[in-house]
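**Q** If you scroll down you'll find the structure; I have some questions about it.
The values are calculated or read from the model by the stated rules, or taken from the named source; none is laboratory data. Worth saying up front: this structure is predicted, and the values here are computed from it rather than measured. Counting neighbours? That spans all protein chains shown, and the Cβs are built from the backbone with ideal geometry, glycine included. The area values use the complete protein model at the heavy-atom level, side chains included, leaving out ligands, DNA and RNA. Shrake-Rupley method; radii C 1.70, N 1.55, O 1.52, S 1.80 Å.
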Amino acid sequence: MNKAHLQFVPPWVPDWLIAVLALALTAVAAAAILGIARMLLRRLLPRDRELTHTVLQDAGGVAQFALTLLVAQSVTPLLPLDRQTDNIIANAMIAGFIVLTGWIAIIASDLAVNRYVSRFRIDTKDNLLARKAVTQMHVLKRTIDVAIGIVTAALALMTFDAVRQFGVSLFASAGIAGIAVGLAAKPLLENLVAGVQLAVTQPFRIDDVVIIDGEWGWIEEITATYVVVRCWDWRRLIVPLGWVMTNPFQNWTRTSASLIGSVVLYVDYRADVERIRAKAQELAKASKLWDGNVVNTQVTDTSEKSMTMQVRVLVTSSDSGRSWDMRCEMREKLIAWMREEYPEALPRWYADVSEAEVALRQLRRA
């Protein structure tokens, strides 16, 4: 179309200005009409349709912009522009519409996942099923977002002839365009595949207590490519998902939060183990950290040179944090008890073998 069809336009007005004004007026009119339609739709919908209202609130603006681009693109053939410029503008608007549509899809998927996850609470004591569902949905959300982003970028690139082949390669190989790009994207793809594997098998979940590469902490966040471990001293350990899925690690809360904690004491040969066992049971029953399941005391090793026994006290707690505190409490109170009330149980260092033999003879006579 040329300016001969626009009789009301002065002949001295340039074509590009007419095109800009026409596109701007079309966009403003379309945005206003779509905005009014969105406002009426929100008012007419029942109040109990919370999900629909949330989608309209979070994605309505993006959808309005996308439809505005689509309407503006439909009038580009009517503009007084040459064919090449017309094609560039039309393709750019279509690409923008595709990108905004992918954005809407990501918002919708995130809203659906968040709505599903909101039904579960992980701040309760028995939260194994909740943590399982939350972990699975978070990992799937990250994977879906990445997949939508790749497909959206590929479709947007395919609208331009100059980069259409790159878009086809990106779409066909999920982000790999040639061998060089493929090698560069290999770690990313490995982590994405590991994320899908994690969502299905779930060797660990959000808030699980783990030991990864010698670091003890809680699983704080799981993304599409890495996992964040909150260490006991508040440091954050960032571990790629591919590494986690291919290396051994410890999960202390895989099937249950309850744990057995161990306390190791070194006592003299002349110590009465039964007396220590009775005191350990007394301390466990008096502690608020004990879950009432297991408290056990055993001699696990001996040393001829130092004339000491290794006594291990096992005690259970409801979760890893309580287990750590329970171990510290049991260790402190047993040592204090031996120091104040049973000092003969404390380990001694004998100067030579003769003193050790004398002590053994005394022990046999007793």
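**Q** Quick one: which residues, 5+ away or cross-chain, put their amide H under 5 Å from the amide H of THR253? H built at 1.01 Å from N.
**A** Amide H neighbours of THR253, under 5 Å, 5+ apart: VAL209.
**Q** Next question. Would you mind putting 308-315, 334-341, 289-296 in packing order, based on average other-beta-carbon counts within 10 Å, highest first? Spell out each step's value before the answer.
**A** Details: 308-315: 19.9, 334-341: 14.0, 289-296: 16.5.
Highest mean packing first, the order is 308-315, 289-296, 334-341.
**Q** Follow-up question, since we're still on this one. Given a 1.4 Å probe and every protein chain left where it sits, what share in percent of the accessible area of the stretch 201-295 is carbon and sulfur?
**A** 53 percent
**Q** Subtracting the Cα-Cα distance from 0.36 nm times the residue separation, let me have the gained length for VAL228 to ILE335 in nm, one decimal.
**A** Numbers: separation 107, 0.36 × 107 = 38.52 nm, distance 3.73 nm.
That pair, VAL228 and ILE335, stretches by 34.8 nm at full extension.
**Q** In nm, give the distance between the simple-model label positions of TYR266 and GLU304, each being 7 Å from the Cα along the Cα-to-Cβ direction.
**A** Calculated label separation equals 1.8 nm.
**Q** Solvent-accessible area per residue for the stretch 245-284 at a 1.4 Å probe radius, Å²? Intermediate results must be reported in sequence, preceding the final value.
**A** Working: 2130 Å² over 40 residues.
About 53 Å² of surface per residue is accessible.
**Q** Multiplying the sequence separation of LEU111 and ILE88 by 0.36 nm and subtracting their Cα-Cα distance, what value in nm do you get?
**A** Details: separation 23, 0.36 × 23 = 8.28 nm, distance 3.46 nm.
Contour length minus the Cα-Cα distance gives 4.8 nm.
**Q** Name the residues whose placed amide hydrogens come within less than 5 Å of the amide hydrogen of GLY261, ignoring near sequence neighbours (fewer than 5 apart) on the same chain.
**A** VAL315, THR316, SER317
**Q** Could you order VAL28, VAL263 by accessible surface area, starting with the largest, using a probe radius of 1.4 Å?
**A** Values: VAL28 100, VAL263 0 Å².
Ranking VAL28, VAL263 by accessible area, largest first, yields VAL28, VAL263.
**Q** What FRET efficiency do you get for LYS288 and ASP213 if R0 is 41 Å and r is their Cβ-Cβ distance, rounded to the nearest 0.05? List each step's numbers first, then the result.
**A** Working: r = 33 Å, r/R0 = 0.82.
Efficiency for this residue pair is about 0.75.
**Q** Grab the Cα-Cα distance for ALA147 and LEU25, subtract it from 0.36 nm times how many residues apart they are, and report the gain in nm with one decimal.
**A** Details: separation 122, 0.36 × 122 = 43.92 nm, distance 3.58 nm.
Gain on extension, ALA147 to LEU25, equals 40.3 nm.
**Q** I've got another one for you. Given a 1.4 Å probe and heavy atoms of the protein chains only, how would you sort LYS333, LYS141, largest accessible area at the top?
**A** On the way: LYS333 95, LYS141 25 Å².
Largest accessible area first, the list is LYS333, LYS141.
**Q** Which order do SER323, SER74, SER258 take when ranked by solvent-accessible area (1.4 Å probe, heavy atoms of all protein chains), largest first? Please list the in-between numbers first.
**A** Numbers: SER323 10, SER74 70, SER258 50 Å².
Ranked list, largest accessible area first: SER74, SER258, SER323.
**Q** Using a Förster distance of 56 Å, how high is the FRET efficiency between TYR342 and ILE36, based on the Cβ-Cβ distance and rounded to 0.05? Show your work: numbers first, answer last.
**A** Numbers: r = 85 Å, r/R0 = 1.51.
So the FRET efficiency works out to roughly 0.10.
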